[in-house]
Amino acid sequence: MCACPAILSPALARGVGRMKILPKNHSIPRSHPSRMAALDMLRACALLSVVIYHSVQMSPVPLPTLSLVTTYGQYGVDLFFVLSGWLIGGLYWREMQLDGQVNIARFWGRRWLRTLPPYFVALALSWGAVRFSRGEPFDPGYLLFLQNYDERIPYFLVSWSLCVEEHFYLVAPLLAGALFALTARRYFWITCIGLLAVSPLCRWLEWNRHPAMDFGYIQTATHLRLDGLVMGFALSFIAIHSPRSYGQLTSSALPTLAATIGGLIAIRMIGGPTCFALWPLLVSIVFAAVLVATSTRKSDDGGWVPWSAVALSSYSAYLVHPLAIHVAISLAAGNSIIYWPAAATFTMAGTALLYFAVEKPAILLRDAYLPRRALMRGKTMSCGG
């Protein structure tokens, strides 16, 4: 099952907080530093793959040969889902471990202040463009992140992944807290595996029930696209609560990656409902294996690496790049020589404008009014959020 790219995960990948280092015998992988070069590189790769995929897909001059390669960029959204689950899970499970409970209202408030202001500004721009160009009426469902359940998403197509993530942010803390309270810690991973089966099973049941001609429900509904988020959230639980098991996962990451790629090739050959049901799950496992192999690498916190700027502004870039590409198409009028530099220029300019005018001030506002709680007294370490 192919998914149109979408980001949101970058929204979770930034911010600075302070958390206590656990005693040595409870140490965990340094998986959530504020600026971890390896994870920044994954975010940057995810964003660039999405932007390049859309740029080639929407090019005024067809590029069929190049499209054979760039079409895989659409799976950048799956990487972002895994990263989002990992990072939001890290924040949740650390607070649960160190404080014994999670302040859900604060947790939601920090997420919403982080993600909603840029989203609503980008939504206004996107709807304004389609209202001007084709008289498109406004869909109130966009205000509640319901558009990913439309049979056809009318505009601002990339917002579907934001819907999935916002739904996940809303439900995951409540569900995780309940399951953690009702399940013995050593058996919690079994529950996670059960949750991982939800989306593949739903996709199997949905096979051929909805037309796939238009981009909408069958590709974007939340219950059909939870694989990466659940997987990342579960991995962060293992990293924090069972470092030894996480170390075993790290040592088996590359063999798992190779085996899963083989599985993707096999189910693509099989096709049908098997491929439809299992493809996103296996793609998420590929990116989870890459994350696990990467997350324990030492972080270069002493210097600024080139992809850090891309990762830092990736949320804004994701939100504005489709509109920037459409503007470039209108300006180029079928001339690819004009289209490519125009698309790049408008995307970078739009990203900078949205980041510095909306996203960064929203982060500062969040940190001013909803600062991270001091979870425990003692020595602290930086942690992203």
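Quick one: is S84 among the polar types (S, T, N, Q), closer than 18 Å to Y315 by Cβ, open to solvent by 10 Å² or more (accessible area, probe 1.4 Å) and assigned to a helix (DSSP H, G or I)?
So S84 does not fit the description; no.
Quick one: would you say W112 is of a type in the set (A, V, I, L, M, F, W, C), over 30 Å from I329 (Cα atoms), under 20 Å from the mean Cα position of the chain (by Cα) and modelled with pLDDT under 95?
For W112, the condition - of a type in the set (A, V, I, L, M, F, W, C), over 30 Å from I329 (Cα atoms), under 20 Å from the mean Cα position of the chain (by Cα) and modelled with pLDDT under 95 - is not met.
Looking at G263, G247 in this structure, which one is part of a helix (DSSP H, G or I) and either at pLDDT 95 or above or closer than 30 Å to D150 by Cα (or both)?
G263
Given Y75, Y92, Y119, which one is closer than 19 Å to L364 by Cβ and either open to solvent by less than 10 Å² (accessible area, probe 1.4 Å) or touching a helix residue (DSSP H, G or I) at 6+ places or on another chain (Cβ under 6 Å) (or both)?
Y119
Name the residue, out of S314, S382, that is modelled with pLDDT under 85, under 24 Å from W93 (Cβ atoms), touching a Ser or Thr at 6+ places or on another chain (Cβ under 9 Å) and open to solvent by less than 70 Å² (accessible area, probe 1.4 Å).
Exactly one of S314, S382 is modelled with pLDDT under 85, under 24 Å from W93 (Cβ atoms), touching a Ser or Thr at 6+ places or on another chain (Cβ under 9 Å) and open to solvent by less than 70 Å² (accessible area, probe 1.4 Å), namely S382.
What do you reckon, is L125 touching a strand residue (DSSP E or B) at 6+ places or on another chain (Cβ under 7 Å) and open to solvent by 10 Å² or more (accessible area, probe 1.4 Å)?
No.
Which condition number in (1) in a helix (DSSP H, G or I); (2) open to solvent by 40 Å² or more (accessible area, probe 1.4 Å) is the one that G334 fails?
G334 satisfies all of (1) in a helix (DSSP H, G or I); (2) open to solvent by 40 Å² or more (accessible area, probe 1.4 Å) except (1).
Can you tell me which residue in region 189-242 is farthest from N148 (Cα to Cα), limited to those that are of a type in the set (D, E) and open to solvent by 20 Å² or more (accessible area, probe 1.4 Å)?
Taking the candidates together, the pick is E206.
Has region 310-322 got at least one residue that is touching a residue at least 12 places away in the same chain (Cβ under 8 Å), assigned to a helix (DSSP H, G or I) and in contact with a Gly (Cβ under 7 Å, 6 or more places away or on another chain)?
Looking through region 310-322, at least one residue is touching a residue at least 12 places away in the same chain (Cβ under 8 Å), assigned to a helix (DSSP H, G or I) and in contact with a Gly (Cβ under 7 Å, 6 or more places away or on another chain).
The values are calculated or read from the model by the stated rules, or taken from the named source; none is laboratory data. Because the structure is predicted, anything quoted here is derived from the model rather than measured. Cβ: placed from backbone, ideal geometry, glycine included. Neighbour counts: every protein chain shown. These accessible areas exclude ligands, DNA and RNA; they are computed on the full protein's heavy atoms, side chains included. Shrake-Rupley method; radii C 1.70, N 1.55, O 1.52, S 1.80 Å.
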